[in-house]
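The values are calculated or read from the model by the stated rules, or taken from the named source; none is laboratory data. These figures come from a predicted structure and were not determined experimentally. Every residue, glycine among them, receives a Cβ derived from its backbone with ideal geometry; neighbour counts consider all protein chains shown. Ligands, DNA and RNA are excluded from the accessible area calculation, which covers all protein heavy atoms including side chains. Shrake-Rupley method; radii C 1.70, N 1.55, O 1.52, S 1.80 Å.
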Amino acid sequence: MHKSGRQIEKMIYPFQLFTLFLVIWTCSALDAQVSDSASYTAQLSHQLDSLEKEIKQKIYSDSAGVRSLINQYVMLATRGNHEAKVRSMTNYLGQLYLAHENYDSLQVILDRSLPMALETKDSVLAAALIRLEGLRHYYLGNFSEGIQSYLSNIDLARAAGSSMLAGFYNNIGICYEKLKDYTSAIKYYELALDNCRKSGYIYGIQVMTNNMAVIYLNEKKWEKAYNLLHPICDTMTGPGTNHLHLDLGHGYARALFGLGRIDESISMGEEYLAIAQSTGDKKREILHLLGLGDRFKDSENPAKAIIYYEDALHKMQDIGINEQMVTVVNNLRVMHKKVGQYRKALQYSDQLHELKDSMYNKQDLVLVRELDKKYQSSLKDQELLRQEIELTEKERKYNLLLFIIGGILITGLFIYKNQEKNKRLAEQDLQLAEQHIATLESRQKIENMSSMIAGQEAERQRIAKDLHDGLGTLLTTVKGKIVQIQTAIDELSSANIYESAQDMIDQACEEVRRISHNMMPGVLRLEGLQGAVEDIVTQLEQTHGLQVFATIDFDDQRVNEVQAHMIYRILQEGINNIVRHSHATEVVIQLMEYDDHLHLLIEDDGDGFDIEKQASGLGLQSIRSRVAFLNGDLDINSNKEGTSMHINVAI
């Protein structure tokens, strides 16, 4: 079997491997666009999980089927660029070789894969491969080498997690047990048990307990075995009990018997026998039948022992178990002799001789079959060598053809990739050009808006100056002249013309002062933005009778002149809209600095307005254009309960 496997491996030459790699790589490249989609990724992950589950189920039963599944898994994982998943298959391939006793191929896998796992710092895979290496030593009978392999890599197992570390300690204990070093075996079983308890691994706890108990029972350390088994066995009887539980129960009954608690031991054995019978586990049923037979034999109750031994013997014959049959038949011979059934004792004595002769004959037959197997294997090796020589020339031509095809595929792929790259570069250049044009247009719009707003501000200042210096001065002069002629025209005062004219002139002066202040506020120039905002608050309270809740908290020095004018105009426009249209009684004004930004909030409890219908209004357009000029953010919310305007500007 092993030689045939190696001959098949020899047929894979470097050219074939190289060409196969090229084909797989080419297919992966052509499918790259598909693998980018989320649905494809999910489907691929589901396929890989299903394949891995099937591999685990078949690894000890279907060698050819598992090889095919592993190949499928590797191809799918390669297509999805899952390098770690590809590497993980080396563990399953190693398990496959181990299960079918192909230890040479397992060593090849370990020599190739273990250094790669260590280099990529994949501690879980590396520890799993070390575990396979230790098991290989164990099955080859190299127990000391297995122990050394595990101990030299114990840090690697620790990095892989508690379960892997427990597995290492357990396997070390098994190796020491084979070397009959029971003290060391118990030491490492205890370490494994401690790790299983820390990680809450119940099955591992039961396995370690059973391993330790077997050693104590074989050494007749009944008390120690009992103390181990008692806490577990008292809580796990019932119809759901599995094979391990039945093994633990058998040990528990043995420990009770060794402690002299014969009735409890027999009762426990009968209880677990009933469980084994209910689950249909014939091997465990035989185990407990033999245990009960031994206990009745040792307690000088041969009649009862005969019942259990004969039942066990019949079931062993039914399912073909021959390992303990000689011992069972001999015990039946002795028990029948003790109860005075000499004819039965003689029959079992004859059966005992037949069994021993049969065993010797079987051993001879096995030896003959082994020699014949080696001879047939030699013939097959010679035939394979002849076929290999004949196929060499054909394989050389086939390799050359595959190499040419691979070269063509690579060339085609290179051309295709180059075209795709040029296409992507052209599309990127076009996108960059469009973005550049859009950026220039945006800059041009901002510059035009900036020029327009700057022009508006300059015109406002000119008109305000003309009103203040020209019309304001003229009105003041007119008022002085009228006062001078007051005494000369007493008759006009009786008609109240003077008071009326003076009131009109006062109103005209006040209106000129208001217009001039609005168009070029002196308070903004003299006291800065904070003073200008406080001035607006005062006017709202004194002139319009509104209740104002104002919060002003920012560093005036961080706001430049242009920003101050724009924010003042925005606030002024918002307040004008409230005064003219909202019928509000309360106004909230907040101008605060945070995180290099200035936040302006204007809120009222008025009637609100339809934002979509008023979007084209001059007031809102003016506010939006000034916010855009400042590269700020504007958010307006309005309903029947009032209106709020939030503005954020970087400073």
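One table, with the values for the structure above:
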{"item": "Candidates A117, A77, A84, A128 - the one that is touching a residue at least 12 places away in the same chain (Cβ under 8 Å), among the small types (G, A, S) and under 27 Å from K178 (Cβ atoms)", "result": "A128"}
{"item": "Residue among Y252, Y272 that alone is aromatic (F, W, Y), more than 16 Å from V214 (Cα to Cα) and touching a helix residue (DSSP H, G or I) at 6+ places or on another chain (Cβ under 6 Å)", "result": "Y272"}
{"item": "Yes/no for R131 being in contact with a Leu (Cβ under 6 Å, 6 or more places away or on another chain), open to solvent by 30 Å² or more (accessible area, probe 1.4 Å) and modelled with pLDDT of 85 or more", "result": "no"}
{"item": "Checking M592 against (1) open to solvent by 30 Å² or more (accessible area, probe 1.4 Å); (2) farther than 21 Å from L529 by Cβ; (3) among the aliphatic types (A, V, I, L, M), the condition it does not meet", "result": "(2)"}
{"item": "From the options H544, H583, residue that is more than 49 Å from the chain's Cα centre (by Cα), open to solvent by 80 Å² or more (accessible area, probe 1.4 Å) and modelled with pLDDT of 90 or more", "result": "H583"}
{"item": "Residues of region 604-614 classified as within 24 Å of Q547 (Cα to Cα) and either touching a His at 6+ places or on another chain (Cβ under 6 Å) or open to solvent by 70 Å² or more (accessible area, probe 1.4 Å) (or both), total", "result": "3"}
{"item": "Check on A253, buried (at least 22 other Cβ atoms within 10 Å of the Cβ) and at pLDDT 90 or above", "result": "yes"}
{"item": "Output for region 388-417, where each listed residue is without any contact (Cβ under 8 Å) to a residue 40 or more places away in the chain, out of contact with any Leu (no Cβ under 9 Å at 6 or more places or on another chain) and open to solvent by less than 100 Å² (accessible area, probe 1.4 Å)", "result": "T392, E393, L401, I404, T411, G412, I415"}
{"item": "Qualifying residue in region 134-141 (condition: open to solvent by less than 70 Å² (accessible area, probe 1.4 Å), of a type in the set (K, R) and closer than 23 Å to D155 by Cβ)", "result": "yes"}
{"item": "Flag for N227 being under 44 Å from the mean Cα position of the chain (by Cα) and without any contact (Cβ under 8 Å) to a residue 12 or more places away in the chain", "result": "yes"}
{"item": "Meets criteria (surrounded by fewer than 22 Cβ atoms within 10 Å (Cβ to Cβ) and over 25 Å from I266 (Cα atoms)) for S278", "result": "no"}
{"item": "Enumeration of residues in region 291-305 that are surrounded by fewer than 23 Cβ atoms within 10 Å (Cβ to Cβ) and either part of a helix (DSSP H, G or I) or β-branched (V, I, T) (or both)", "result": "D294, R295, F296, K297, D298, P302, A303, K304"}
{"item": "Sole exception among (1) touching a residue at least 24 places away in the same chain (Cβ under 8 Å); (2) in a helix (DSSP H, G or I); (3) over 23 Å from A160 (Cβ atoms); (4) open to solvent by 30 Å² or more (accessible area, probe 1.4 Å) for K220, by number", "result": "(2)"}
{"item": "Within region 245-266, considering residues that are outside any helix (DSSP H, G or I) and more than 13 Å from Y216 (Cβ to Cβ), the one nearest to the chain's Cα centre (by Cα)", "result": "R261"}
{"item": "Subset of region 539-588 [of a type in the set (A, V, I, L, M) and farther than 19 Å from R626 by Cα]", "result": "L540, L546, V548, A550, I552, V579, A584, V587, V588"}
{"item": "For N171: the one exception among (1) within 34 Å of the chain's Cα centre (by Cα); (2) open to solvent by 30 Å² or more (accessible area, probe 1.4 Å); (3) touching a residue at least 40 places away in the same chain (Cβ under 8 Å); (4) closer than 28 Å to H288 by Cα", "result": "(2)"}
{"item": "Check on E354, surrounded by 15 or more Cβ atoms within 10 Å (Cβ to Cβ), in a helix (DSSP H, G or I) and without any contact (Cβ under 8 Å) to a residue 60 or more places away in the chain", "result": "no"}
{"item": "Those residues of region 323-336 which are out of contact with any Pro (no Cβ under 9 Å at 6 or more places or on another chain), in contact (Cβ under 8 Å) with a residue 24 or more places away in the chain and either of a type in the set (S, T, N, Q) or open to solvent by less than 30 Å² (accessible area, probe 1.4 Å) (or both), in sequence order", "result": "Q324, M325, V328, V329, N331, L332"}
